[in-house]
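Asker: Questions regarding the structure given below will be posed in turn.
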Amino acid sequence: EQQARALDAAEPPHDPFERIHRPVEHRAPDLDRVPLEPEEDLLLFIAEHSPYLADWQKDLLHIVHEEARHSIPQIDTKIMNEGWASYWHHKIMNSLDLPEELHLEFLVHHNQVIRAHPGGLNPYYIGFRLWHDIRRRYDEPTEAEIEAHGTPDKSGMEKIFEVRETDRDVSFLRRFLTADLMRDMDLFEYAKKGDRFVVSNVSDEEHWREVKETLLRNIGMNTVPVIRILDADHDHNRTLYTRHEHDGRDLQYGSLEKTLRYLHRLWGRRVLLETVMQGKSTTFSCDEDGVGRSAG
């Protein structure tokens, strides 16, 4: 499939005026290049293409890769999962005819779990509030909500089970985290200024969308930097050339250094990483002598 896409991409675009235009030179793609397309799955690529790993070592990488792959859905639905558990725990315990002292004990522990974390993100708290609010909006919508979205066509119970089946954290928050709920939860954005952290945005009418976008960028797999392999034989000496897809957030140097050392150890040859640091194009390298950098 990659070869077919490479051949298609090398074909010149159709020109309805080709008779009067200069012919576009056709360059055949290098089908021997590995990989043919940027590869995001670093571990699997190394397991399948490293010439220096023994078969048993490749088997171990495949095992680790498979375990990591099964963890992705949990990472992508942490807020939904923890909120769902807290929601039903609260609902079931409140429906039981418990002695007063046991019910109060439950409420104390429950509130400790779902309390807001000042300066941090508590997935139990946000998920719990969201599930409650979704059900309320479908069972008891306000006049303003009806005017904006129409009368709900299903019950709140039907809606939360539908959302549970179809969404992940990013879509869950993007669709259902409203400005009113953000203000009620006092969600804000902070940034480092000098040697202190200061509030940079709050969920007011002007800035709530910015706060929400920052939140969306910091949940699920959005917290994991995207690094792709561009060339497994850079400079024709088996150097592994990689590129970080910069999204406005610089890599943390400590994690960057460890990652490069791990890649070098697994690949067995020099590793390069192209990224952006403090607004400047920067290339890091790792070989037997350690990690170095050069600004481009």
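Asker: Got a sec? Charge dipole of the chain, +1 on Cβ for Lys and Arg, -1 for Asp and Glu; which of 64, 244, 286 is way out at the positive end?
Answerer: Farthest towards the positive end: 286.
Asker: What does the charge dipole of the chain about its Cα centre add up to, to the nearest 20 debye, if the Cβ of each Lys and Arg holds +1 and the Cβ of each Asp and Glu holds -1? Could you put the intermediate results ahead of the total?
Answerer: Working: 38 positive and 56 negative charges, 157 e Å.
Dipole magnitude for the chain comes out near 760 debye.
Asker: If you take all C-alpha pairs in the chain, what percent of them are over 36 Å apart?
Answerer: Working: 18144 of 43660 pairs.
The calculated P(r) of the chain puts 42 percent of pairs beyond 36 Å.
Asker: Find, among the GluC sites (Glu not before Pro) in region 179-264, those assigned to loop by DSSP (not H, G, I, E, B) with at most 10 other beta-carbon atoms within 10 angstrom.
Answerer: Numbers: sites: 189, 205, 206, 210, 213, 245, 257; in loops: 205, 206, 245.
Qualifying residues, ordered by number: 205, 206.
Asker: How do 64, 271, 291 line up, fewest other C-beta atoms within 10 Å first?
Answerer: Details: 64 12, 271 25, 291 18.
The fewest-first ordering by Cβ neighbours comes to 64, 291, 271.
Asker: Going toward the positive end of the dipole of the chain, with +1 on Lys and Arg Cβ and -1 on Asp and Glu Cβ, which of 276, 120, 170 do you reach last?
Answerer: 276
Asker: I would also like to ask the following. Would you mind ranking 236, 109, 207, 49 so that the residue whose beta carbon has the fewest other beta carbons within 10 Å leads the list? List each step's numbers first, then the result.
Answerer: On the way: 236 7, 109 11, 207 14, 49 17.
If I rank by nearby Cβ atoms, fewest first, I get 236, 109, 207, 49.
Asker: So what is the relative contact order for the chain, in percent, with contacts set as C-alpha pairs under 8 Å and at least six apart?
Answerer: Numbers: 333 pairs, mean separation 44.6, N = 296.
Value for the chain: 15 percent.
Asker: Right, here's the next one. Given R₀ = 25 Å, what would the calculated FRET efficiency be for residue 105 paired with residue 85, taking r from the Cβ atoms and rounding to 0.05?
Answerer: Working: r = 19 Å, r/R0 = 0.74.
That gives a FRET efficiency of 0.85.
Asker: Please label the shape of region 78-221 as rounded, prolate or oblate, based on the square roots a ≥ b ≥ c of the eigenvalues of the alpha-carbon gyration tensor (a/c under 1.5 means rounded; beyond that, a/b larger than b/c means prolate, else oblate). Please list the in-between numbers first.
Answerer: On the way: a/c = 1.94, a/b = 1.22, b/c = 1.59.
Oblate is the answer for region 78-221, as a/c is 1.5 or above yet b/c matches or exceeds a/b.
Asker: Collect residues whose amide H, placed 1.01 Å from N in the peptide plane, falls under 5 Å from the amide H of residue 77; neighbours closer than 5 in sequence don't count.
Answerer: Residues meeting the amide H criterion: 169.
Asker: Sticking with this one: Enter the Cα centre distance for the pair region 224-296 and region 155-223, rounded to the nearest angstrom.
Answerer: Between the Cα centre of region 224-296 and that of region 155-223, the gap is 31 Å.
Asker: Only counting other Cβ atoms within 10 Å, I'd like 183, 115 sorted with the fewest neighbours first.
Answerer: Details: 183 16, 115 11.
Taking fewest neighbouring Cβ atoms as first place, the list is 115, 183.
Asker: What is the spin-label model distance, in nm, from residue 52 to residue 210 if the labels are put 7 Å beyond Cα along the C-beta direction?
Answerer: Going from the residue 52 label point to the residue 210 one covers 4.6 nm.
Asker: For a test of the definition: using alpha carbon positions, the gyration tensor, and the 1.5 limit on a/c, classify region 139-296 as rounded, prolate or oblate. Don't skip to the answer; put the middle values down first.
Answerer: Working: a/c = 3.83, a/b = 2.14, b/c = 1.79.
Cα axes put region 139-296 in the prolate bin.
Asker: For the chain, what are the DSSP H helices with axial Cα length of 20 Å or more and mean Kyte-Doolittle hydropathy of at least 1.6?
Answerer: Working: long enough: 55-76 (32 Å, -0.85); 78-95 (26 Å, -0.84); 100-114 (21 Å, 0.00); 123-139 (24 Å, -1.14); 253-267 (21 Å, -0.65).
Passing helices, by number: none.
Asker: Right, here's the next one. Using the Cα centre as the reference, give the magnitude of the dipole from point charges on the C-beta atoms of region 78-221 (Lys, Arg: +1; Asp, Glu: -1; all else neutral), rounded to the nearest 20 debye. Display every interim value, and only then the final one.
Answerer: Details: 20 positive and 27 negative charges, 141 e Å.
I would put it at about 680 debye.
Asker: Would you list which lysines come within 21 Å of residue 159, measuring only between C-alpha atoms, while excluding same-chain residues fewer than 8 positions from it?
Answerer: Reachable lysines: 78, 91.
Asker: Can you tally the net charge around residue 153? Count Lys and Arg as +1, Asp and Glu as -1, for every other residue whose Cβ sits under 14 Å from the Cβ of residue 153.
Answerer: Details: positive: 137, 154, 159; negative: 139, 145, 158, 162.
Around residue 153, the surrounding residues sum to -1.
No lab work stands behind these numbers, since they all come straight from the coordinates. Predicted model only: the values in this text are computed from it and were never measured. Don't worry about glycine lacking a Cβ; one is built from the backbone with ideal geometry, like all the others, and counts go over all protein chains shown.
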